[in-house]
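*Asks:* My structure is below; once you've seen it, I'll send some questions.
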Amino acid sequence: MTNKNLSLMIAVTAFSSACGLESSGPRDVDVDVANPTDGAVESIDTPEVKPPGSIEPPVIALSTDRCDDAAHAGEAWKQTASHHFALNFFAGTPADLDQSDILAKREAAYNEIRTALGVTQEPLVTAYLTPSRLAASANGRGAGTAYPGQNRIEVLYTGAEDGYESNRYGHELTHILEAYIDPVNLRRHPFMSEGLAEYLDQSGRDMHAAYAQQLLAGMETRVRLTTLESRDVSARNYGRAGSFVQLLVERYGMPTFLDIFRATAVTWTNGCWTHAKVGCVNTPEKLTAMLDDAIQTKAYETWAVVQQAWEQKVHEALASADTELPAADVKEIENLVRVGDLAIARRDADMYRSTLDGFYCDATADAMRDEVSRRAVSAMTGMTSKIEGIRATGIKNFRTAQVFVRRTDSRGLASFITLSVEHLPMGWRVTWGPDWF
Ligand SMILES: [Zn+2]
């Protein structure tokens, strides 16, 4: 055993006892602890063994998640099929290994969603499952895209237990089956379509609680609980859309909800989602007018009445929604922020880079992350961080959270930043922060 490995073990022991928690498995500390000999993980400081109850656990180094996911560029797709699905994936990837489980879950979801929507047709769905964003991009496939009318889904399948397509595989499928609820109109306004896809995503979530989670983490606008804004026009507030759909189903039942839903049919005309009565739905006011019309026509209530009932549900959810992450995740995220601080203290850009993701590399390359790291350790000399709160925000590709951090500079001046973090296969890493631009 080398000194490096010995010091790692001491660090891990001190880390566990300092927090007073029982070890609950290998993920309790850094994910690569089980295999320290590959050099991926080592203790940064020569750690002192601290007495139990110490509040300053030593920093555990992170392995760097490089933008090196296999691209599988131009590789031939492997195929398998079931009654309603044709799956395409690359040999040896998680989708290949899990293909029978993938098909079984999607067949069950297909039945459930089709029944909920009263769809009589049985379209064959073609799905492309790539293992990473780099692989999707290199093969011209989407990383979470449905093509209604073409019956095609393009998604990432990472095989992770907390991955999106392991938990919310009903979302894109709902977009495909939704196209069959009306023989004339293929599409509804995206606010309603996204809300429905969230509601039927098979995760079993309560959509009011899920919306409250977004509000409490600052992901959606807290000052507008049930009034609409421009992000609703472009359907980017999934939490709000899902909560609204659940409210309508709770209030009127599925058949009347579907009548309201059909009454929000739109066509893509002159670059705008256009409704037969309201016209181009390009403002929050027009979106509200369209929903008011649909509810009045099909359920004989006004938007104002429904809005009041909805607001009450959201307030209840805000009072009770769970925003906590498991203790092991909190420890990992606290360590992540400490590694960032130590990197700044040592002006060590490589160490700072180890706090950043290597997954969203289709949009921003490794070189950009190296540059961000160099800039950060040079610009933020003397800066230290204190975590004020960590809020769970659900799943993006893996589980996600927002970390609210108070930074104090060498003059003692405080500022506040929010870090977006995600539970990648290598562990929790920063996927976006104010240093990234
Ligand atoms: Zn969607």
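*Asks:* Contact list please: Cβ distance under 8 Å, first residue in the range 289-300 and closer than 14 Å to residue 276 by Cα, second residue surrounded by 19 or more Cβ atoms within 10 Å (Cβ to Cβ) and small (Gly, Ala, Ser), pairs at least six apart or on different chains.
*Replies:* 293/263; 294/263; 297/263
*Asks:* Given (1) among the charged types (D, E, K, R); (2) more than 15 Å from the chain's Cα centre (by Cα); (3) more than 16 Å from the ligand (Cβ to nearest atom), identify the lone condition not met by residue 133.
*Replies:* Result: residue 133 fails condition (2) only.
*Asks:* Still on this model: Only one of 118, 142 is more than 16 Å from the ligand (Cβ to nearest atom), small (Gly, Ala, Ser) and either under 18 Å from residue 193 (Cβ atoms) or assigned by TED's automatic domain parsing to the domain that holds residue 398 (or both); which?
*Replies:* 118
*Asks:* So, residue 197, is that one part of a strand (DSSP E or B) and either without any contact (Cβ under 8 Å) to a residue 24 or more places away in the chain or out of contact with any Phe, Trp or Tyr (no Cβ under 8 Å at 6 or more places or on another chain) (or both) or not? Full working, then the answer.
*Replies:* On the way: part of a strand (DSSP E or B): no; either without any contact (Cβ under 8 Å) to a residue 24 or more places away in the chain or out of contact with any Phe, Trp or Tyr (no Cβ under 8 Å at 6 or more places or on another chain) (or both): yes.
Considered against the rule, which asks whether it is part of a strand (DSSP E or B) and either without any contact (Cβ under 8 Å) to a residue 24 or more places away in the chain or out of contact with any Phe, Trp or Tyr (no Cβ under 8 Å at 6 or more places or on another chain) (or both), residue 197 comes out as no.
*Asks:* Continuing with the same structure: Is the range 211-231 home to any residue that is within 15 Å of the chain's Cα centre (by Cα), surrounded by 18 or more Cβ atoms within 10 Å (Cβ to Cβ) and within 14 Å of the ligand (Cβ to nearest atom)?
*Replies:* No, because not a single residue in the range 211-231 is within 15 Å of the chain's Cα centre (by Cα), surrounded by 18 or more Cβ atoms within 10 Å (Cβ to Cβ) and within 14 Å of the ligand (Cβ to nearest atom).
*Asks:* Here is a follow-up. For the subset of the range 184-210 comprising residues that are within 12 Å of the ligand (Cβ to nearest atom) and of a type in the set (A, V, I, L, M), which member is farthest from the chain's Cα centre (by Cα)?
*Replies:* Among residues in the range 184-210 that are within 12 Å of the ligand (Cβ to nearest atom) and of a type in the set (A, V, I, L, M), the one farthest from the chain's Cα centre (by Cα) is 192.
*Asks:* With over 12 Å from residue 217 (Cβ atoms) and either touching a helix residue (DSSP H, G or I) at 6+ places or on another chain (Cβ under 6 Å) or surrounded by 14 or more Cβ atoms within 10 Å (Cβ to Cβ) (or both) as the only criterion, which of 412, 433 stands out?
*Replies:* The unique qualifying residue is 433.
*Asks:* Also: Which one of these does residue 97 not meet: (1) out of contact with any strand residue (DSSP E or B) (no Cβ under 6 Å at 6 or more places or on another chain); (2) of a type outside the set (Asp, Glu); (3) free of Cβ contacts under 8 Å to residues at least 40 places away in the same chain?
*Replies:* Among (1) out of contact with any strand residue (DSSP E or B) (no Cβ under 6 Å at 6 or more places or on another chain); (2) of a type outside the set (Asp, Glu); (3) free of Cβ contacts under 8 Å to residues at least 40 places away in the same chain, residue 97 violates only (3).
*Asks:* Ok, one more. With (1) under 26 Å from residue 107 (Cα atoms); (2) within 16 Å of the ligand (Cβ to nearest atom) as the list, and residue 266 as the residue in question, which single condition is left unmet?
*Replies:* Checking residue 266 against (1) under 26 Å from residue 107 (Cα atoms); (2) within 16 Å of the ligand (Cβ to nearest atom), the one that fails is (1).
*Asks:* Can you tell me which residue is farthest from the chain's Cα centre (by Cα) among those in the range 145-183 that are β-branched (Val, Ile, Thr) and within 12 Å of the ligand (Cβ to nearest atom)? First the steps, then the outcome.
*Replies:* In the first step, residues of the range 145-183 are kept if they are β-branched (Val, Ile, Thr); the result is 145, 153, 155, 158, 174, 176, 181.
From what's left, within 12 Å of the ligand (Cβ to nearest atom): 145, 153, 155, 174, 176.
Details: 145: 14, 153: 18, 155: 13, 174: 18, 176: 21 Å.
Among them, the one singled out is 176.
*Asks:* So which residues in the range 348-386 are in contact with a helix residue (DSSP H, G or I) (Cβ under 6 Å, 6 or more places away or on another chain), farther than 18 Å from residue 156 by Cβ and not in a helix (DSSP H, G or I)?
*Replies:* 355, 356, 380, 383, 384, 385
*Asks:* State which residue is farthest from residue 253 (Cα to Cα) when the search covers only the range 104-113 and only residues that are surrounded by fewer than 19 Cβ atoms within 10 Å (Cβ to Cβ) and not acidic (Asp, Glu).
*Replies:* If we take residues in the range 104-113 being surrounded by fewer than 19 Cβ atoms within 10 Å (Cβ to Cβ) and not acidic (Asp, Glu), then 104 is farthest from residue 253 (Cα to Cα).
The values are calculated or read from the model by the stated rules, or taken from the named source; none is laboratory data. Keep in mind the model is a prediction, meaning the values are calculated, not measured. In this analysis, Cβ positions are derived from the backbone assuming ideal geometry, glycine residues included, and neighbour counts consider all displayed protein chains.
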